[in-house]
1. Tally the residues that are assigned to a loop (DSSP other than H, G, I, E, B) and either at pLDDT 90 or above or not hydroxyl-bearing (Ser, Thr, Tyr) (or both), restricting the search to the stretch 535-559.
2. So, Lys299, is that one of a type outside the set (Gly, Ala, Ser) and touching an Asp or Glu at 6+ places or on another chain (Cβ under 7 Å) or not?
3. Determine which single condition Ala373 fails, assuming it passes every other condition in (1) small (Gly, Ala, Ser); (2) in a strand (DSSP E or B); (3) surrounded by 16 or more Cβ atoms within 10 Å (Cβ to Cβ).
4. Before we move on, is Ala408 in a loop (DSSP other than H, G, I, E, B) and either modelled with pLDDT of 95 or more or touching a strand residue (DSSP E or B) at 6+ places or on another chain (Cβ under 8 Å) (or both)?
5. Within the stretch 561-598, which residues are in a loop (DSSP other than H, G, I, E, B) and either out of contact with any Pro (no Cβ under 6 Å at 6 or more places or on another chain) or of a type in the set (D, E, K, R) (or both)?
6. Please tell me if Tyr566 is touching a residue at least 40 places away in the same chain (Cβ under 8 Å), more than 30 Å from Thr531 (Cβ to Cβ) and over 24 Å from the mean Cα position of the chain (by Cα).
7. Could you list all residues from the stretch 224-274 that are in a strand (DSSP E or B), over 30 Å from Tyr158 (Cα atoms), modelled with pLDDT of 85 or more and of a type outside the set (Gly, Ala, Ser)?
8. Please verify whether the stretch 275-294 includes one or more residues that are of a type outside the set (Ser, Thr, Tyr) and over 30 Å from Val353 (Cβ atoms).
Amino acid sequence: MWVALCLSCSMAIFGQDSLRVDTTRIYKIPEVSVSAQRFMPKSVSPVQILSGTALENLNSHSVADALRYFSGMQIKDYGGIGGLKTINIRSMGTNHVGVFYDGIELGNAQNGTIDLGKFSLDNMESITLYNGEKNSSFQSAKDFGSSGNVYMQSKAPYFETGETYHVTGTLKAGSFWTVNPSFLWEQKLTEKVSLSSSVEYLYTTGRYKFTYQTLGGYDTTAVRQNGDVNALRAELGLYGKVTDGNWRTKAYFYNSERGYPGAVVRGKFTHEDRQWDSNFFLQSSFQKAFGDVYSLMLKGKYAYDYLHYLADPNRDASLMYVNNVYRQQEVYLSNANRFQLFDFWDANLSVDVQWNGLDANLYNFVHPNRYTAMGALATAFYFDQFKCQASLLATYVYDKINTDTLSAANQFHLAPAFYLSYQPFKKIDLNLRAFYKQSMRMPTFNDLYYTFIGNVYLKPEETTQYNVGFTYNQPFDGILSLFTCQVDGYFNQVTNKIIATPTSNFFRWTMINLGYVEIVGTDVMVQTNFTLAKQISLNARLNYTYQQAHDLGDPSSPYYGGQIPYIPWHSGSLVLNALVNSWSFNYSFIYTGERYSASANIPVNYEQPWYTHDMSVSKKLTWKTVDLQLTAEVNNLLNQQYEVVRSYPMPGTNFRVIAQVKF
């Protein structure tokens, strides 16, 4: 009984799965105070997670900010709150990362990029990173399709006995005239159906001072311009229970107007580019077990994305007039079927179909449509000290365009994956693991069909991953209550890499398959928990990544074998959290080492290391049934001037205060 309680508490706090936990289900554990230890998951693939209070305590504005604390993750940030933010796992490229929201993948057939700066942490329960795939064979076919996956799980309603509703109001305000209110309402409709509704608004001028160093060696202090954001997010969710199953439906809407801060080059500090975004999706999922042998999971989604980009020379004479409007649509259906053949063996067959369409007001635009069918066969074997998981994904892609010009050739691809996990000693919580996986990503609509740039003869990019590692957990009875460690070494290959090259006309570029990249790296995560007194605890989490990512695409190039752009050899983070009665003190440190901004590893492309220190303090107050939490944050404490991407300066020291009320 005590062991079961410990494991349940571990799942509640970390949101991670044990050896036999079904990761496709949502487990809700009431908030309790216990002295049980927290354990790392016995996962067949490397997994990192931030959830609950650990996620809330980070000095982060968006999901992209929180992901910086994962090892093996690279973030490209194009300048402050208003800048584009993309992620890259283990140097394989942004398009090889699957981003899932409440179990269904977010898509962008136009350019394959998901801007994670649009997703707030206010309504987020957990963020999980898997290298490879989840620790379950019962998934949709899409879950098997990427080299690595990020899962964002929004908060689902949970009610104690006698409760019928929850209301949470949050107000954040800070530097750069940032105002960020949000509201969450959860309502119990019946014993089996509940509702969740959230609204969030964000406004910021994005105006911050930075220091710009010219080639002549002079430093100039300037103010970042055109980084304002005016955004609204609204979500409505219905959650239901059925016998041996559950269902959920979510409607999501995001609308924003923002300035493009732009690059600071040749002494140009101001930009006038504007962008308007409207994103909407409606998605549903249903899962039910029919007896002990068969389980069914259904998913469906419709998404509409509108993007309007304007560069007006009437406002900035240096701009070429651009007034482009893009409209994307997506329809997605998924069916997954699990068969529990024996207690130690299950199998899954899943089929996904998807349609993507893109319209634009560009001259001679081909209005592409893409039809994708994916089928996955997966199986898993569970034993006391050994687990094996394998999958085979088949993908077929057919493109159709609305002109007489040639469309891209049909594509068919098979991608196998194989995972092993072994615990050599029953009394020692040491688990060894290894995996092999192949995956591919299709060229985007921009790669294939963009006017004067696209190339319909492109082949899909392909990746091959090899990983070996271990997890170790050791509880203690003294001041040090828990020590956990996770170490993985990996070797990745990216073939047919798509890159842009100039044609005979320097102003016209085209996309070609030329690149080949090899990545060798190590990810390390260490976590310790200290119990100093009855009401005093300290948690520490350290992440470190070492990577060599070599560009081996052109042996004749003088820069052959160089580190690929923006991949540091060394990077890491440290998070400290101290709880003293109702007070919480948090410190975080992020470090990104030296790197280069281009494949040519020469001094002119060298990028200095950068690091930031962030601190916050929180106080919780309770009056009858009302909980109030007050937080003060200071970010980039030492006011370091740095750039994640060259010529896109980041903010210096900035502040934020947060007031949250729950009842």
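1. Matching residues across the stretch 535-559 total 6.
2. So Lys299 does not fit the description; no.
3. (3) is the only condition that Ala373 fails.
4. In short, yes.
5. Of the stretch 561-598, the ones in a loop (DSSP other than H, G, I, E, B) are 561-562, 564-569, 581-582, 593-594, 597-598.
Across the stretch 561-598, the qualifying residues are Gly561, Gly562, Ile564, Pro565, Tyr566, Ile567, Pro568, Trp569, Asn581, Ser582, Glu594.
6. In short, no.
7. From the stretch 224-274, those in a strand (DSSP E or B) are 229-242, 245-259, 265, 268, 274; that's our starting set.
Imposing the further condition that a residue be over 30 Å from Tyr158 (Cα atoms) reduces the set to 229-230, 256-259, 265, 268, 274.
From what is left, the residues that are modelled with pLDDT of 85 or more are 229-230, 256-259, 274.
If the condition is that a residue be in a strand (DSSP E or B), over 30 Å from Tyr158 (Cα atoms), modelled with pLDDT of 85 or more and of a type outside the set (Gly, Ala, Ser), then Val229, Asn230, Glu257, Arg258, Arg274 are the ones that fit.
8. Our first condition is that a residue be of a type outside the set (Ser, Thr, Tyr); within the stretch 275-294, this holds for 275-277, 279-283, 286-293.
If we keep only those that are over 30 Å from Val353 (Cβ atoms) as well, we get 275-276.
Within the stretch 275-294 (the criterion being of a type outside the set (Ser, Thr, Tyr) and over 30 Å from Val353 (Cβ atoms)), the answer is yes, since at least one residue qualifies.
The values are calculated or read from the model by the stated rules, or taken from the named source; none is laboratory data. Please read these numbers as outputs of a predicted model, since none were measured by experiment. FYI the Cβ positions are ideal-geometry reconstructions off the backbone, even for glycines, and counts take in every protein chain you see.
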